[in-house]
Amino acid sequence: MKTLIAKASAVLGVLALSATIQAATVEEIIIERIKPIGKVCLQGDASCGSATAAASGGARSGADIVASNCNSCHGSGVLGAPKIGTGEWAARLNDKGLDMLVTNAINGINSMPPRGTCGDCSDDEIKSAIEEMIAKSE
Ligand code: HEC
(Lines give C-alpha, C1' and ligand atoms only; values in the text may rest on other atoms or scores of the structure.)
Protein backbone atom coordinates (compact mmCIF):
# COMPACT_ATOMS: atom_id res chain seq x y z
CA MET A 1 0.00 0.00 0.00
CA LYS A 2 2.82 2.39 0.89
CA THR A 3 4.51 1.84 -2.47
CA LEU A 4 1.24 2.45 -4.25
CA ILE A 5 0.82 5.83 -2.53
CA ALA A 6 4.42 6.69 -3.32
CA LYS A 7 3.93 5.78 -6.96
CA ALA A 8 0.66 7.66 -7.15
CA SER A 9 2.15 10.82 -5.69
CA ALA A 10 5.13 10.52 -8.04
CA VAL A 11 2.72 10.35 -10.97
CA LEU A 12 0.78 13.32 -9.64
CA GLY A 13 4.02 15.21 -9.26
CA VAL A 14 4.94 14.61 -12.86
CA LEU A 15 1.45 15.62 -13.97
CA ALA A 16 1.62 18.82 -11.97
CA LEU A 17 5.03 19.60 -13.43
CA SER A 18 3.93 19.06 -17.00
CA ALA A 19 0.86 21.19 -16.36
CA THR A 20 3.10 24.03 -15.20
CA ILE A 21 5.34 23.72 -18.24
CA GLN A 22 2.32 23.75 -20.51
CA ALA A 23 0.86 26.78 -18.75
CA ALA A 24 4.09 28.69 -19.23
CA THR A 25 4.13 27.87 -22.91
CA VAL A 26 0.51 28.87 -23.46
CA GLU A 27 1.16 32.11 -21.60
CA GLU A 28 4.16 32.83 -23.79
CA ILE A 29 2.14 32.15 -26.92
CA ILE A 30 -0.60 34.51 -25.72
CA ILE A 31 1.91 37.22 -24.87
CA GLU A 32 3.46 36.80 -28.31
CA ARG A 33 0.02 37.07 -29.94
CA ILE A 34 -1.15 40.18 -28.07
CA LYS A 35 2.09 42.10 -28.45
CA PRO A 36 1.44 45.61 -29.74
CA ILE A 37 2.20 46.13 -33.40
CA GLY A 38 4.02 49.40 -32.85
CA LYS A 39 6.75 50.10 -30.35
CA VAL A 40 7.31 53.35 -28.48
CA CYS A 41 10.57 54.83 -29.62
CA LEU A 42 12.46 57.48 -27.70
CA GLN A 43 14.80 59.97 -29.28
CA GLY A 44 18.35 58.62 -29.32
CA ASP A 45 17.22 55.00 -29.09
CA ALA A 46 19.36 53.14 -31.61
CA SER A 47 16.60 50.64 -32.41
CA CYS A 48 14.33 53.45 -33.62
CA GLY A 49 16.15 53.97 -36.88
CA SER A 50 14.70 56.66 -39.11
CA ALA A 51 11.60 57.08 -36.90
CA THR A 52 13.68 59.17 -34.51
CA ALA A 53 13.41 62.28 -36.63
CA ALA A 54 9.62 62.29 -36.45
CA ALA A 55 9.62 61.57 -32.71
CA SER A 56 12.03 64.38 -31.94
CA GLY A 57 9.46 66.97 -33.10
CA GLY A 58 7.40 66.44 -29.96
CA ALA A 59 10.28 66.78 -27.54
CA ARG A 60 10.73 70.56 -27.61
CA SER A 61 9.91 72.47 -24.48
CA GLY A 62 8.46 75.96 -24.35
CA ALA A 63 11.89 77.23 -23.31
CA ASP A 64 13.53 75.59 -26.35
CA ILE A 65 11.08 77.22 -28.72
CA VAL A 66 11.39 80.63 -27.08
CA ALA A 67 15.17 80.41 -27.37
CA SER A 68 15.16 79.34 -31.01
CA ASN A 69 12.18 81.27 -32.40
CA CYS A 70 10.60 83.87 -30.12
CA ASN A 71 13.51 85.46 -28.31
CA SER A 72 14.78 87.26 -31.41
CA CYS A 73 11.85 89.67 -31.16
CA HIS A 74 10.43 89.13 -27.67
CA GLY A 75 13.83 89.23 -25.98
CA SER A 76 14.37 92.88 -26.91
CA GLY A 77 10.83 93.93 -27.79
CA VAL A 78 11.52 94.88 -31.41
CA LEU A 79 8.62 96.03 -33.61
CA GLY A 80 6.54 96.51 -30.46
CA ALA A 81 6.67 92.83 -29.44
CA PRO A 82 5.80 92.32 -25.76
CA LYS A 83 9.21 92.04 -24.13
CA ILE A 84 10.04 89.06 -21.93
CA GLY A 85 10.49 90.08 -18.30
CA THR A 86 8.17 93.09 -18.47
CA GLY A 87 4.59 93.79 -17.44
CA GLU A 88 3.58 93.88 -21.12
CA TRP A 89 2.81 90.17 -20.94
CA ALA A 90 0.53 90.44 -17.91
CA ALA A 91 -1.28 93.36 -19.57
CA ARG A 92 -1.96 91.34 -22.73
CA LEU A 93 -2.93 88.26 -20.71
CA ASN A 94 -5.45 90.26 -18.65
CA ASP A 95 -6.73 91.99 -21.73
CA LYS A 96 -7.22 89.01 -24.05
CA GLY A 97 -6.83 85.79 -22.06
CA LEU A 98 -4.45 82.94 -22.86
CA ASP A 99 -6.60 81.33 -25.58
CA MET A 100 -6.74 84.57 -27.57
CA LEU A 101 -2.98 85.08 -27.25
CA VAL A 102 -2.41 81.53 -28.50
CA THR A 103 -4.78 82.01 -31.44
CA ASN A 104 -3.16 85.32 -32.41
CA ALA A 105 0.32 83.82 -32.14
CA ILE A 106 -0.70 80.90 -34.38
CA ASN A 107 -2.35 83.13 -37.01
CA GLY A 108 -0.05 86.12 -36.64
CA ILE A 109 -1.08 89.63 -35.63
CA ASN A 110 0.26 92.92 -37.06
CA SER A 111 4.09 92.57 -37.12
CA MET A 112 3.94 89.24 -35.28
CA PRO A 113 4.47 86.54 -37.95
CA PRO A 114 2.28 83.40 -37.91
CA ARG A 115 3.67 80.92 -35.35
CA GLY A 116 6.43 83.42 -34.62
CA THR A 117 8.45 82.00 -37.54
CA CYS A 118 8.33 78.49 -36.05
CA GLY A 119 6.61 76.90 -39.05
CA ASP A 120 6.91 73.36 -37.68
CA CYS A 121 5.69 74.22 -34.18
CA SER A 122 2.47 72.49 -33.17
CA ASP A 123 -0.32 74.53 -31.56
CA ASP A 124 0.63 73.01 -28.20
CA GLU A 125 4.26 74.00 -28.65
CA ILE A 126 3.27 77.61 -29.45
CA LYS A 127 1.10 77.60 -26.33
CA SER A 128 3.92 76.28 -24.14
CA ALA A 129 6.28 78.91 -25.57
CA ILE A 130 3.77 81.64 -24.64
CA GLU A 131 3.35 80.19 -21.16
CA GLU A 132 7.14 80.20 -20.82
CA MET A 133 7.38 83.89 -21.79
CA ILE A 134 4.53 84.75 -19.40
CA ALA A 135 6.19 82.80 -16.57
CA LYS A 136 9.47 84.66 -17.17
CA SER A 137 7.63 87.96 -17.03
CA GLU A 138 5.86 87.50 -13.70
C1 HEC B 1 9.63 88.80 -36.08
C2 HEC B 1 9.45 89.12 -34.70
C3 HEC B 1 8.67 88.16 -33.82
C4 HEC B 1 8.92 86.85 -33.58
C5 HEC B 1 10.04 85.99 -34.13
C6 HEC B 1 7.92 86.40 -32.65
N7 HEC B 1 7.06 87.41 -32.34
FE8 HEC B 1 5.44 87.34 -31.14
N9 HEC B 1 5.05 89.27 -31.50
C10 HEC B 1 5.80 90.11 -32.32
C11 HEC B 1 5.21 91.44 -32.34
C12 HEC B 1 5.71 92.62 -33.11
C13 HEC B 1 4.07 91.37 -31.51
C14 HEC B 1 3.08 92.48 -31.21
C15 HEC B 1 1.94 92.39 -32.20
C16 HEC B 1 0.90 93.44 -31.90
O17 HEC B 1 0.14 93.28 -30.95
O18 HEC B 1 0.86 94.41 -32.65
C19 HEC B 1 4.01 90.01 -30.99
C20 HEC B 1 3.02 89.55 -30.16
C21 HEC B 1 2.95 88.26 -29.68
C22 HEC B 1 1.92 87.79 -28.81
C23 HEC B 1 0.74 88.60 -28.28
C24 HEC B 1 -0.39 88.51 -29.23
C25 HEC B 1 -1.58 89.32 -28.78
O26 HEC B 1 -2.68 88.99 -29.21
O27 HEC B 1 -1.41 90.28 -28.00
C28 HEC B 1 2.17 86.47 -28.56
C29 HEC B 1 1.34 85.55 -27.71
C30 HEC B 1 3.37 86.13 -29.27
N31 HEC B 1 3.82 87.25 -29.94
C32 HEC B 1 3.95 84.88 -29.27
C33 HEC B 1 5.10 84.56 -29.96
C34 HEC B 1 5.71 83.27 -29.92
C35 HEC B 1 5.18 82.09 -29.16
C36 HEC B 1 6.82 83.34 -30.70
C37 HEC B 1 7.80 82.24 -30.99
C38 HEC B 1 7.29 80.96 -31.45
C39 HEC B 1 6.89 84.67 -31.25
N40 HEC B 1 5.84 85.39 -30.76
C41 HEC B 1 7.87 85.13 -32.13
C42 HEC B 1 6.92 89.76 -33.02
C43 HEC B 1 7.50 88.51 -33.05
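Number of residues in the range 103-123 that are near the ligand (Cβ under 7 Å from one of its atoms) and either in contact with an Asp or Glu (Cβ under 7 Å, 6 or more places away or on another chain) or not in a helix (DSSP H, G or I) (or both): the value is 7. Inspection of the range 52-67 finds no residue satisfying the criterion of being modelled with pLDDT under 70, more than 16 Å from the ligand (Cβ to nearest atom), over 18 Å from residue 138 (Cα atoms) and part of a loop (DSSP other than H, G, I, E, B).
Let's see how each residue does on (1) within 19 Å of residue 60 (Cα to Cα); (2) within 7 Å of the ligand (Cβ to nearest atom); (3) touching a residue at least 24 places away in the same chain (Cβ under 8 Å):
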position: 78; (1), (2), (3): no, yes, no
position: 81; (1), (2), (3): no, yes, yes
position: 89; (1), (2), (3): no, no, yes
position: 125; (1), (2), (3): yes, no, yes
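The values are calculated or read from the model by the stated rules, or taken from the named source; none is laboratory data. Note that this is a predicted model, so its numbers are computed, not measured. As a convention, Cβ positions derive from the backbone with ideal geometry for all residues, glycine included, and neighbour counts pool all protein chains shown.
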